[in-house]
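Bear in mind that the values in this text are calculations on the coordinates, not laboratory data. None of these values were measured; they are calculated from a predicted model. Positions of Cβ are generated from backbone atoms using ideal geometry, with glycine treated the same way; all protein chains shown enter the neighbour counts.
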Amino acid sequence: MKKVVDQFTVVSTIPYNSTNYCITLKSHSPLEKIEAGQFTNVEIPGNKEVFLRRPFSVFEVDYKSNTLSILVKILGKGSKTLTEIRPGEILSLIYPLGKGFTLPKNNEKIMAVGGGSGVAPVLHLARNSGLPVDNVQVILGARSSGDHIPVDHYNQWANCHYTTDDGSKGIHGVVTNHPLFNNLNEFDRIYACGPLPMMKAVAAQAKKANVTCEVSLENLMACGFGVCLCCIEPTTKGNLCVCTEGPVFNINDLKW
Amino acid sequence: MVNLSVNIKGLALKNPVMTASGCSGFGEELADFYDVSQVGGILLKGITLKNRDGNPYPRMAETPSGMLNAVGLQNKGVDYFINHIYPRIKDYDTSLIVNVNGSTVEEYVEVTEKIAGLDKIAAMELNISCPNVKEGGMAFGVSCPSAEYVTREVRKVYPKTLIVKLSPNVTDVTEIAKAVEGQGADSVSLVNTFLGMGIDAESRKPLLSTITGGLSGPAIKPIALRMVWQVSSAVKIPVIGLGGIMNATDAIEFFLAGASAVQVGTAIFKDPFIPIHIVDGIRDYMKRHNLNDITELIGGLQM
């Protein structure tokens, strides 16, 4: 698959709350095709302590305007620097990277579960699943209502459900406390991206119900395209690079 | 038209910019981005006699102007390389160089014997400087007798260009360089990574699963440059310079210090096109300085 290093202009940096931002970027060249679950490795300008790029799942893509967006959660100096970038500045992106989610077949019913900035690839998938709205259930988990990003417009592609640790929006508890988990056999596929404990909890439920499940991992990586061998995940096929063999893995291949 | 080609004791390079071992896979990942015939050579990912899973995760940590790694020579072994990887890459129009590793001298020799007959492998790099494996690796590269021994034994079974990759984790790198030159090495490449360490102050835990790992990137460039200068003054064989090269200016500094060719490593993680940008930048520099041949730059430091 063709991968590129391209210059993008920052169109907007929208803060959703104190730690979550949506950054929209416009490519100087026609956008390459990007699958749900694929990611981009973004160069962080203007901070001498940040040497390497930072990987982000692609959130929304608009081929007409040549724009894509990423969700950035401030976790350290790299992500912090990125959220301080202004519209008009130029960023270098390597993309499209990794293998995306396996798309559902016609008429299948899917559940897509996202937590934290893991909602980005999950919503990307929900929007592009090709399924009728009622076949797509999305569960978004967060600590509190203020941590949920505004995704009301996704109701045209999916039924969105919410959970919060403090009960301030949707179901009180973690994603697996949502009642939809009581009838997992209704689903043909489950997808998840978010904090590791969340994905492991979803995977355990999926395994118990014997439903196909894919998760998207975010191991620490240097290159993002398979040459440094740093982001390995132990799998049934040996140590595999998350950046090229993933980030999406079928849970049956993982040693969880 | 400037001449960028160099010859490292029989290893003909169309230009003096190669990609460093462990930073460019087997070339295929770079070929996803561009035609690899534009680089002077590809140092393939280090191979060993048997399959190695490498070290546990986490294997890397960012540092100011660089990074630590502890990959630990993950590879599927020399037979897998010969049967599955070599056929896919052998027709790349650039010089392919195998990076050979072992935990014993016998293993180094056995791997070398297996790759010696591969037509499209132009040379080998004997790696006696990997800091991330428990046995072998750097242990061979930090004393003159062991460096001499492994070089002598490998030399006996390898007729093509033999490059020995040196560790900077020694008191006097010129002594090791002279030792391997004395045993028939055609060239030395330096430096491999510096042994380093990172700690997460909040959790009080090491950043790498192996606690220590190899430091690379621009952070090490001045030390690498100094070592290349010292070694090129101490030996007669050609020296290949590497360590933190990010752009053409960095590469030219290594030529001036005495390197006949350079390798680009960690920079590729930032941008896989950097080796090509460096080739273009060297060409521009030569035009600007009215130089016709890259060899006019080598060892051209003026004091």
Could you pull out the trypsin sites (Lys or Arg not before Pro) across the stretch A:163-249 that fall in loop regions by DSSP (anything but H, G, I, E, B) with no more than 10 other Cβ atoms inside 10 Å?
A:Lys237
Long-range alpha-carbon pairs in the stretch B:6-296, meaning those over 35 Å apart, account in percent for 10
Determine the calculated [θ] at 222 nm for chain B from helices alone, applying -39500 (n - 2.57) to every DSSP H run no shorter than 4 residues and normalising by the residue count; nearest 500 deg cm²/dmol.
-8500 deg cm²/dmol
Label model pair B:Lys205, B:Lys156: point-to-point distance (7 angstrom along the Cα→beta-carbon line) in nm is 4.7
Note: A:Asn183 to A:Asp253 extended length (0.36 nm per residue) minus current alpha-carbon separation gives 22.8 nm
Bridge type composition, chain B - antiparallel percent by DSSP, nearest 5
35
Given charges at beta-carbon only (K, R positive; D, E negative), |dipole| of the stretch A:10-151 in Debye
200
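What is the sum of charges, Lys and Arg at +1 and Asp and Glu at -1, for the other residues whose Cβ falls under 13 Å from the Cβ of B:Arg283?
0
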Sequence ranges B:3-10, B:276-283, ranked by mean other-Cβ count within 10 angstrom, highest first:
B:276-283, B:3-10
Straight distance only, please: which lysines reach the Cα of B:Lys178 with their own Cα at less than 16 Å, same-chain residues fewer than 8 apart left out?
B:Lys165, B:Lys236
What is the stretch B:6-296's relative contact order, in percent, from Cα pairs under 8 angstrom and six or more apart in sequence?
19
Report the gain in length on full extension from A:Arg143 to A:Ile14: 0.36 nm times residue separation, minus Cα-Cα distance, nm rounded to one decimal.
44.4 nm
What is the distance in Å between the Cα centres of the stretch B:267-303 and the stretch B:156-171?
25
What FRET efficiency would be calculated for the residue pair A:Lys109, A:Ser29, taking the C-beta separation as r and a Förster radius of 41 Å, to the nearest 0.05?
0.60
With a 29 Å threshold on alpha-carbon distance, the violating pairs from B:Lys14/B:Lys221; A:Lys48/B:Lys76; A:Lys73/A:Lys99; A:Lys80/B:Lys205 are A:Lys48/B:Lys76
Per the helix-only model, chain A has a calculated mean residue ellipticity at 222 nm (DSSP H runs of ≥4, -39500 (n - 2.57) each, divided over all residues, rounded to the nearest 500) of -3500 deg cm²/dmol
Net charge (Lys, Arg +1; Asp, Glu -1) of residues whose beta-carbon lies under 14 Å from that of A:Leu217, A:Leu217 excluded, is -2
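What number, in percent, do you get for the relative contact order of chain A if the mean sequence gap of Cα pairs under 8 Å and at least 6 apart is divided by its residue count?
For chain A, the relative contact order is 17 percent.
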For chain A, longest principal axis from Cα atoms; helix A:196-209 axis from its Cα atoms; angle between them, nearest 10 degrees, is 30
May I ask what percent, to the nearest 5, of DSSP beta bridges between residues of the protein assembly as shown are antiparallel?
50
What does DSSP give for chain A in terms of the percent of beta bridges that are antiparallel, rounded to the nearest 5?
60
Amide H neighbours of B:Gly213 at under 5 Å, excluding residues fewer than 5 places away on the same chain, with H built from the backbone geometry, are B:Gly196, B:Met197
Could you calculate the FRET efficiency of A:Lys169 with A:Gln7 from 1/(1 + (r/R0)^6), where r is the beta carbon distance between them and R0 is 25 Å, rounded to 0.05?
0.05
Long-range HN-HN contacts of A:Tyr162 with modeled amide H, under 5 Å
A:Leu140, A:Ile171
Candidates B:Arg152, B:Arg288, B:Arg59, ranked by Gaussian network fluctuation over chain B, Cα under 10 Å, top entry
B:Arg288
Specify the residue with the greatest mean-square fluctuation among A:Glu35, A:Glu218, A:Glu89, computed from a Gaussian network of chain A linking alpha-carbon atoms under 10 Å apart.
A:Glu89
Please report the spacing between the Cα centers of the stretch B:31-68 and the stretch B:70-135 in Å, no decimals.
13
Take chain B, connect every pair of alpha-carbon atoms lying under 10 Å apart with a spring to form a Gaussian network, then pick out the residue of B:Thr171, B:Thr212, B:Thr94 with the largest mean-square fluctuation.
B:Thr171
